[in-house]
Structure formats: structure tokens, C-alpha cells
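A short worksheet on the structure shown next.
The values are calculated or read from the model by the stated rules, or taken from the named source; none is laboratory data. Because the structure is a prediction, the values reported are computed rather than measured. Neighbour counts run over all protein chains shown; Cβ positions are idealised from the backbone, glycine included.
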Amino acid sequence: MTIEETRIAGLMIVHPDVHPDSRGTFVKTYHEPTWQSLGLRTDWVEEYCSVSHQGVLRGLHFQLPPSDHAKVVSCLSGRVFDVVVELRKDSPRYGEAFSFVLDAGQPSLVYIPAGLAHGFYTMSLEAIIVCRTTSVYDAERDAGILWSSVDAAWPAASPMVSARDATLPPLSQFDSPFLYRQEAS
């Protein structure tokens, strides 16, 4: 397992070891001692998956304190354009978007610390995304920012979005409750 740090503090791309053989592949996506040795949270309490069709954009989502959470996202099937946005006050990267492709054919996971927004656009005919979080879903603290209000090179100018996601406030109108700490993880 190798870890790729990004320009956003605490945001990491995890490249697990892939073991192919004549039957297919075997991938260990989580090893608690390794994650703990890297200072990453391992107190997962909820996991869910989404199935999205080509052209669907989900996001940019997060939960507000005290229900904020770290999360790990992976693509089990298909391919998505993934975007994470820094929302922690006083961060030198506040408002910056970091984007990358998650492709089931090249297994990787994204570790997203609390205080970052997350979303993705489905590039393949269909994609299955799994997300593990350190807090349970809290409808009262479920929040987001408008996908088109951040500087990301989304693959489409007019993606299919939910009614809720289409009416999220732009980043410029979001009053962030998240705090930045250099050691953020």
C-alpha cells in the first residue's frame, strides 16, 4: 500500500497492493495498523454505496459540525472524475479544488478529512462508489456547495444533478464552520 499526499493537508490517495492471478485480482483496501501508523482515522461507523449513470454529478457534499466526518471513497465499478474542495478556515488552500480520476480498473481510495467537500462525475456508463465515514448521516447537518462554483475542470458543463444539488449555495456564499490545523487528518 502506498500513500500519495496532495496539496490539501490531510487529503490522501491510497494505492493498495493489487494481486492479480489467473482467477482475477485480490486487493486489500484496509489494514488498520497501516492506517493508524499514518495518523489516519479508523473509527468508521457507517458505509454506503451509490450507483450512478454516465453524466451524473453528485456533490459537493459534507456534514457540518458536530456531525462532520472523515471519509474514505473508492470506486468499485466504472470510472469517475472526483473532486474535493478545501473548506477549513485559514487554510492556505481555502476554496481550492483538487481533482483526480477514480477508476475501478486501477484500484485506489481517497482519504478525505473533515472540513472538505466531496463530489464526483460519472464518466463510464455506470459507476459504483463506496464511502465509509466516521459519523452517521445527520439530515440536519447535511450540507453542500454548488458544484459549478469551484474551479474544477468538470468533464461536462451540464451534468445531471439532483434538485437538491442544483440549489446548493455557491462557495462564495458559504460561511465555513470548519477550522484548519496544520496537522489536519
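Taking the residues in the stretch 75-96 that are closer than 25 Å to E126 by Cβ and surrounded by fewer than 22 Cβ atoms within 10 Å (Cβ to Cβ) as candidates, determine which candidate is nearest to the chain's Cα centre (by Cα). By that ranking, first place goes to F81. With respect to (1) farther than 15 Å from Q63 by Cβ; (2) touching a strand residue (DSSP E or B) at 6+ places or on another chain (Cβ under 6 Å); (3) surrounded by fewer than 17 Cβ atoms within 10 Å (Cβ to Cβ), the lone exception for P159 is condition (3).
Taking (1) under 15 Å from the mean Cα position of the chain (by Cα); (2) closer than 16 Å to A70 by Cα; (3) of a type outside the set (D, E); (4) assigned to a loop (DSSP other than H, G, I, E, B) in turn, R132 satisfies each apart from (4).
Once the stretch 130-156 is narrowed to residues that are in contact with a Ser or Thr (Cβ under 6 Å, 6 or more places away or on another chain) and surrounded by fewer than 18 Cβ atoms within 10 Å (Cβ to Cβ), the residue that is nearest to R93 (Cα to Cα) is R141. For the stretch 10-47, name all the residues that are in contact with a Ser or Thr (Cβ under 8 Å, 6 or more places away or on another chain), part of a strand (DSSP E or B) and within 19 Å of C131 (Cα to Cα). Once the filter is applied, which keeps residues that are in contact with a Ser or Thr (Cβ under 8 Å, 6 or more places away or on another chain), part of a strand (DSSP E or B) and within 19 Å of C131 (Cα to Cα), the stretch 10-47 yields M12, I13, V14, H15, E46, E47.
Checked against the criterion of being at pLDDT 95 or above and outside any loop (DSSP other than H, G, I, E, B), the candidates A114, A143, A153, A139 yield just one match: A143.
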